[in-house]
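Scroll down for the structure; my scribbles are underneath it.
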Amino acid sequence: MLVKDWKSVFSSMSYFIKLIFTVKKYDVVFVSSSFFNRGDGGNNYLLSPMIKYCQNNDLSYIIFEDTYFRSYSEYKINDESTPLVFISLIQIILRKLLNLKYKKPLTENEIDSREIRIANFLKKIFFRKFHSKVYITLIWNNISLWRSISPNACIVDYQHGTIWNGHHGYLKNGHPPKVKKINNIITLVHSDFFKRLLIENDKSRFYTDSSVHAVGMNKTTNQISSIKNVKKILFTLQIAPDFNEKQVNEKSVEIVQKLLNTNTKFLQKNNYQIILRHHPRYSKFNCPDIKIDHEYVSFDNKTPLTELLSSCSIHITFSSTCSLDAAMLSIPSIFIDMHSHWQFSPNDIFFKQYKYPCKDLVIRNFEDLETILLKLEANMFFESVSNDVYKWSKDLYHDFNETVFADFLTNEFKKWN
């Protein structure tokens, strides 16, 4: 664990100690992590339109923002947010203390029991005077805590990336996570496509028309009618400490290095520029490093993703959600299908479930990259696939629908009257 911003720690401590003695009531609580601050000026681009709606309609709200301690990129707590880091540090300490009595990995029920005990403790100390009607979270952040604090409130998980049948956070073997069912979580998604995917594949009937709402999302889109320069490529990496199996990250590094080394002569001769971008949760302390020393290769982890994508014409990945961001900018993605880990193959998610329209843009051998790039250099073909991926993205991602969001909040507020 690495604490980078002690100012946030003290600011967080001050707020929650005062909260012991002060009543705080809100219509909406937003809960996120700092690594979602990827918009202009470090804003949370996912929650921004919802926050703006609250501001325009005189709804009281607070933004709790947590720190991802192991992040490679130094995403800072937004100035409008209240740091949650003080509570997070207490949770980490309590988890370690409670884990001392276990001599083996915790079962799901033991983890649930532990989190409930911690939530009840925090409620008694810090949140006795804290009240809200709606909690909107990303990655269902601390839902056991919010449910403990407000038993009758609406607690929301807002889609933060891709959803697929088999995703452990949404549907695994046809069932949602137990903790979501226990806490009666409402789900907001980016489109009717994802809503249908959840409802139609849920054997437990947890996801229904009344518990899943397609509110869309705030995204920059730009259909590019004609692009002549296809020499600048963004390569999004998926190396993160979340993967417990060390060999998964090591295999990813091996493939990336060999792919670029194998095609170096072609890439240099044809003046290609490759920009490597680490996953937001990449940690130089917990992940293997990529060793590449070619003039045409560089790293960029600071430029906002949309801005970086807008400067490129092609995107390469294993199975990153950035392929959807790219598609909304008419940028085709070349998928690498050379990984033994199923989650790094585009087949099940992107081709079978999402129906990605460009099945020829897949690297199955290291030499395939040259073949695909030569094909994309043909202007008419490039325009065709650019149009195809843009149209495809419009089905998966709807623009943020303020009316749907407003109706959702209105119906929840009525329950309190």
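The values are calculated or read from the model by the stated rules, or taken from the named source; none is laboratory data. All of these numbers come straight from a predicted model, not from anything done at the bench. Neighbour counts are summed over all protein chains in view; Cβ atoms, including those assigned to glycine, are modelled from backbone coordinates with ideal geometry. With ligands, DNA and RNA removed, areas are computed over all heavy atoms of the protein, side chains included. Shrake-Rupley method; radii C 1.70, N 1.55, O 1.52, S 1.80 Å.
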Discussion item. List the residues, sorted by chain then number, that are 5 or more residues from Phe235 or on another chain and whose placed amide H is less than 5 Å from its amide H.
Written reply: Ile275, Leu276, Arg277, Ile316
Worksheet entry | Amide H partners (placed H, <5 Å) of Ile139, local residues excluded | Tyr158, His160
Worksheet item: Counting only protein heavy atoms, what percent of the accessible surface of the stretch 97-145 is carbon or sulfur at a 1.4 Å probe?
Response: 58
Worksheet item: With the other protein chains left in place, how much accessible area per residue, in square angstrom, belongs to the stretch 278-404 at a 1.4 angstrom probe?
Response: 45
Practice prompt. For every other residue with a beta carbon closer than 9 angstrom to the beta carbon of Leu145, add +1 if it is Lys or Arg and -1 if Asp or Glu, then tell me the sum.
Written response: +1
Item to complete: Keeping all protein chains in place, calculate the accessible area per residue for the stretch 151-218 (probe 1.4 angstrom), answer in Å².
Response: 40
Fill in: Mean Cβ count within 10 Å, highest first, over the residues of peptides 195-204, 347-356
347-356, 195-204
Item to complete: Under 1.5 on a/c is rounded, so check that first for the stretch 243-376, then, if it is not, pick prolate when a/b is larger than b/c and oblate when it is not; a ≥ b ≥ c are the square roots of the alpha carbon gyration tensor eigenvalues.
Response: rounded
Response to the item:
Counting Lys and Arg as +1 and Asp and Glu as -1 over every other residue whose Cβ sits under 15 Å from the Cβ of Val28, the net charge comes to -2
Worksheet item: Highest mean first, what order results for 309-315, 377-383 on Cβ atoms within 10 Å?
Response: 309-315, 377-383
Worksheet item: Quick one: Karplus J couplings for the stretch 11-25, per residue in order, coefficients 6.51, -1.76, 1.60, θ = phi - 60°, nearest Hz, x for Gly and Pro?
Response: 5, 5, 4, 4, 4, 6, 5, 5, 5, 4, 10, 10, 7, 10, 10
Discussion item. Please report the carbon-and-sulfur percent of the accessible area for the stretch 251-370; probe 1.4 Å, protein heavy atoms only, DNA, RNA and ligands left out.
Written reply: 43
Worksheet item: When Lys and Arg each count +1 and Asp and Glu each count -1, what net charge do the other residues less than 15 Å away from Asp388, Cβ to Cβ, add up to?
Response: +2
